[in-house]
Structures are given as structure tokens and as C-alpha cells.
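First the structure, in the form of C-alpha cells, and then the observations on it.
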Amino acid sequence: MKNTSRSLLVYAFIYLGFLYIPVLFLPLFSFNNSMYFSFPLSGFTFEWYREMFRNEAMHQSLFNSIRVGGFVALFSTILGIFGAKAITRYRMRGKKPVLAIIMLPLVIPEIIVAVALLIFILQAGGSLSLLSVALGHVLLCVPFSIAVLISRFEGFDQSMEEASADLGENSWWTFWRVTFPVVLPGIVASLLLCFTISFDEFIVAYFLSGTEPTLPVYMWNQLRFPKLLPGVLALGACILLASFIVIAFAEWIRQRNNNMALRQSLASMTSKIR
Amino acid sequence: MNIYHKTTQKLRRKLQRSESLKGYLLLSPTILVMAGIMLIPFIGMIILSLWTQIGYAKFDTTLTLNNFIVVFTNEMYRVLFSRSLVVSAMTTFLTVLLAYPMAYFVAFHVQRRKLLWIILMTLPFWTSYLLRVFAWKVILGYNGVINSGLLWLGIINEPITLLLYNPSAVIITLTHAWAAFAILPIYVSLEKIDRSLLEAATDLGDSPLARFFRITLPLSLPGVVAATVLIFIPTVGDYVTPSLVGGSDGYMIANAIQFQFGRGSNWPLGAALSLSSMAVVTVITIVYFLVSKTLTQNIR
């Protein structure tokens, strides 16, 4: 038993190495004083980071991605809340096939979603823009949002909602004062997840972005030009750092909220009973 | 009594129906949006696949199955299809095989700070997917990390060209890029296993190995099945990895689809290719589900 544990620990570190080493080459080369990614390293430089700050086109694409991601996160999560609440709170006939259709994008390769939307938009006489990218991303994100939120809606005691209704609150205020605080961590998780999926999504954006590239599409266009690549790596390193901070923050919020939400809703309920 | 019974039944049925109605009312925005941006484009794609391209953005709208005949008889598409499926299947198998011990370790041998391990395992996946794939081009390339490193150390005299631009490079890269999709579902299903079952097996005289194969592995199969489906379906249609590290020997079906919508500019054929690959993937997934279901039933 002791032996298995030790060999598993060794395996775990080797596997972590396999996961981390390729990714860590990117920040490493973003400080390397050469356009080419090869050993030996030629010297330390901040040049690529300076270039990153100068590059207007990159800023524009980053801004595009943030706008699309923000819209997608908000819109998908709202649709996700409707969906998750309906699915967990009501007995409905034909629930299973309807749910299956909503979850369908999870099991379709993304390129097919991209192609179908491309055909649809152009045949309908529309034009490609960030909005078409956002629509495609909503399609990909809603199933994830519902999956996250269903577990949150299922996890809490329905009698709290019933108690609020019995005490005379209408369904609107019951939602805001009881349901919302309890499912808030799920909503935050859904927002973060949808933003991340949209922010990183390439293939749908590649087909649908038209003349307004999102960040991944911009990066893709740079991958062929070695001169511009180190700037992309610098940005990649910054995004990795930023997402690390976001994860740490989200985890902190989640742990805090797990206690807070419950305490809050309990407190508001007891105060009403009194 | 009978009448009373009937009226209550009627009332109950009505209530149930209205509950159903209320549910659908609440669900309607989600259904409408999803149907609008999924089903309608999908029907559009089916119709387009039956047309013929006769010029730039011009189609002959007489319905024909010609595009599908091309897809299923053309030698090139057969090669691309089988390569995509083999590469994805290999990737899925390898990813699950490599991730399983890791998930097992965290589920059963980490006592404190499990969350830290989970974050540690998923952190690399927060880099951009493009850059993660690109990293392997940097590693495996002609002037890449491995070649330049080995040259620098004097182990080889000239760069190895076998590393990049072949299906193996695609498999290695995908195995790295999709690892989180295997680790997490397998970890969750392992974590759910009732520990008293394991103790019971030990008390009844099972060796640790026998215990693993008789209890742990079968009970973790739902996670394994979920992981395989989550990895297999998207990797069949992956465009980025074959384009960056696959070379012409590693092109997959997504490259052909993209080509028809880009320089090839034969949209109906592209639509037929998309629909065919989706059909193939769906059939394989369903068969796989059925097989794995009967298999797990046999184990129990």
C-alpha cells in the first residue's frame, strides 16, 4: 500500500510535468532575446512585452474578445437560469427530449456548428460581425451554463422557497430574496465558465468574425509570421497570469459564498418570521 | 364517491398540465433561442448539401444527392475520414489511460488539500488552446526545443525531421490539449465510490489488485465513458491541431471542410462533408454507448 502510494506520487509528478512543461515554454520564450524559439536561449529581454503594449491591432482584438465574452456570459447565463429553474422545479411532459435538444451542442463538433451558422447567416442575407460570433458562442455556452446551474438548483432545499411563498412573498421577490442568493455561486461559476469558453474559442470565431477578429483569430493570423510571434507569446503569458488570478479569486469567492449565502438567506428568513 | 373521485382526478390532471405549461413557459426563452440558432441553421445546411455550386455564391437549387456520393466514393475523403477517426480514437484512449492513474491518485491517496491538486491539474488548460497547440510546434519543430536542445548538447548531429508534421504529432498534441476532459470526469466518478465497499472487499480477502479490478474500476466506468465521449467527439472535428502540427500527412476531415468553405469554394460539398462526419461520429458514439452499457451490466 505504501509502495503503490509512492509510485503513484511519482507518476503524478511526471504527469504534471507533461502538462506543464509545454505550456511553460511560452512564457520562457517570451523573455528570450530572439525571434526564433530554440535553444540555447540567447538573452533576456522585455522587448516583446513592450511590443505587446504598442500593438494596436492586438488591443482591438483583445477588446473584441472581451466584449463578445461579456455578452455571451451574461446572455447564456440568463438563458441558463430560465432553463435550470424550469427543469428542476417543474414536472413537465416531454422534458427529456427537450433537454436533449438544448444539450445537443455538447456533442456536435464545433466546426459543424460554425459551418451551419455561416451558411445560415449568409443565406439569410446577414453579414458577419462580432454579433454572429456571439450567437455561435451562446449556442456552445448554454448547455454548460445549464449543467452548472442545475446542480446548484438541485442542491438547495426547496422548502425555503415554499416558506417564503407561505409568508406572503410573491414569486418575483421570492426569487430575489431566497433563490438568487443561494444559487449565486452557481451564477458566478456559469458567468466565468461561459466567458472563458467564449474568450478561448477559435473555430466558430474564425468562420464568423468577418473583418473583426477576436483575440484567438488574431493570434492565428500571427502564427505564420515569426516576427510578430513573440508579442503573441507575451500576451499569452499575461493571459495565463490573469486567469490564474481569476481562478484564485473565484475559489476565494466560492468558499466565502458557500457560507455567506446560506447564512444570509437564513437570516433574512428568520427576521421575516419574527 | 365515484363522482368525487373522478373530479379530483380531473383537477389533479389539470393542475399537472398547468405545471407542465408553467415549466414550458419558463423554459421558452431558452428553447426559442437554442432552436433558432441551432435547428434552423441545421435545416439550412441539409438543404444546401443537396444543391450544386455553379459559380461564386451561385447555386443550382435542384435537389441532388451528388455531393454525398462524392463524399462516400472519393478516395481522398475516405482517407481523411479514417485518419480522423483513428487519430481521435488513439487520442481518446491515450488521454484516458494517462489521466486515470492521476485521477486515482488524487481521489484515493491525497488526504488533505485535494482542491489544490485539482487546481494544479487544470491550471495549464487556462492558456489559450491555440497557444497550447502551438507550444507543441515549438517543441517538435525542425528548429524546435527538442532538436535544438539535443544539437546543443551534442547528442545528435542534425535535426530529427520525424517529430513534426505527421499523425503521431497530432495525437501527442491532442493528448496534452484535452487532458483535463479526462482527469475531471474520472476523478468525480472515483471520488463518488463508497469507501466501505473497498473495506468490505479487503475484509473478505481480496488483494488490492483484485479489489481494484472488481470494485474500483467498474464503478469508475461512468467517468471513463463520459471522458471518452467528451474527448472523441470534438477531436474528430478539430481543425487547429492538424493544421499546426499535422502537415499534409496529418490533415483531418475538418481541414477538408474548411477548404470547401474557403479556397475550394464548394459550399454544398462542404455542407455534405459536415453532415456526413457528424452522422459518422453520432453513429459511433451511440454504438459505443450501447456497448459500454451492456459491458457494465455484465460486470455487475
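Checking B:I43, B:I118, B:I37, B:I31 one by one, the residue that is under 24 Å from A:M103 (Cα atoms) and in contact with a Leu (Cβ under 9 Å, 6 or more places away or on another chain) is B:I37 and no other.
Within the range B:90-117, being more than 8 Å from chain A (Cβ to nearest Cβ) and either outside any helix (DSSP H, G or I) or surrounded by fewer than 17 Cβ atoms within 10 Å (Cβ to Cβ) (or both) holds for B:F93, B:L97, B:V110, B:Q111, B:R112, B:R113, B:K114, B:L116. Do you know which residues across the range B:255-287 are of a type in the set (G, A, S) and either within 15 Å of A:I111 (Cα to Cα) or at pLDDT 95 or above (or both)? If the condition is that a residue be of a type in the set (G, A, S) and either within 15 Å of A:I111 (Cα to Cα) or at pLDDT 95 or above (or both), then B:A256, B:G262, B:G270, B:A271, B:A272, B:S274, B:S276, B:S277, B:A279 are the ones that fit. Inclusion of A:T77 among residues that are assigned to a helix (DSSP H, G or I), touching a Cys at 6+ places or on another chain (Cβ under 8 Å), more than 8 Å from chain B (Cβ to nearest Cβ) and not charged (D, E, K, R) is warranted. Per the listing A:L149, A:L167, the residue uniquely under 13 Å from A:I187 (Cα atoms) and in contact (Cβ under 8 Å) with a residue 40 or more places away in the chain is A:L149.
Considering (1) in contact with a Pro (Cβ under 6 Å, 6 or more places away or on another chain); (2) more than 11 Å from chain B (Cβ to nearest Cβ), the lone condition that A:A57 does not fulfil carries the number (1). Kindly establish whether B:G205 is closer than 30 Å to B:N74 by Cβ, more than 13 Å from chain A (Cβ to nearest Cβ) and not aromatic (F, W, Y). Criteria not met by B:G205. Across the range B:234-257, the number of residues qualifying as under 15 Å from B:F81 (Cβ atoms), within 13 Å of chain A (Cβ to nearest Cβ) and not hydroxyl-bearing (S, T, Y) comes to 10. Those helices (runs of 4 or more DSSP H) of the range A:105-176 in which 3 or more residues are at pLDDT 85 or above and out of contact with any strand residue (DSSP E or B) (no Cβ under 7 Å at 6 or more places or on another chain) occupy A:110-123, A:130-155.
Here is a check on your reading of the model: is B:S168 under 30 Å from B:Q297 (Cα atoms) and either more than 9 Å from chain A (Cβ to nearest Cβ) or in a helix (DSSP H, G or I) (or both)? Answer is no for this residue. For the range B:226-266, filtered to residues that are in contact with a helix residue (DSSP H, G or I) (Cβ under 7 Å, 6 or more places away or on another chain) and among the small types (G, A, S), the residue that is farthest from B:F93 (Cα to Cα) is B:A256. Residue count for the range B:247-269 satisfying the condition of being among the charged types (D, E, K, R) and assigned to a helix (DSSP H, G or I): 1. With respect to B:F134, determine if the residue is part of a helix (DSSP H, G or I) and facing another protein chain (nearest Cβ under 7 Å). Criteria met by B:F134.
The values are calculated or read from the model by the stated rules, or taken from the named source; none is laboratory data. All values derive from a computational prediction rather than experimental measurement. Ideal geometry is used to build each Cβ from the backbone, glycine not excepted, and the neighbour counts take in all protein chains shown.
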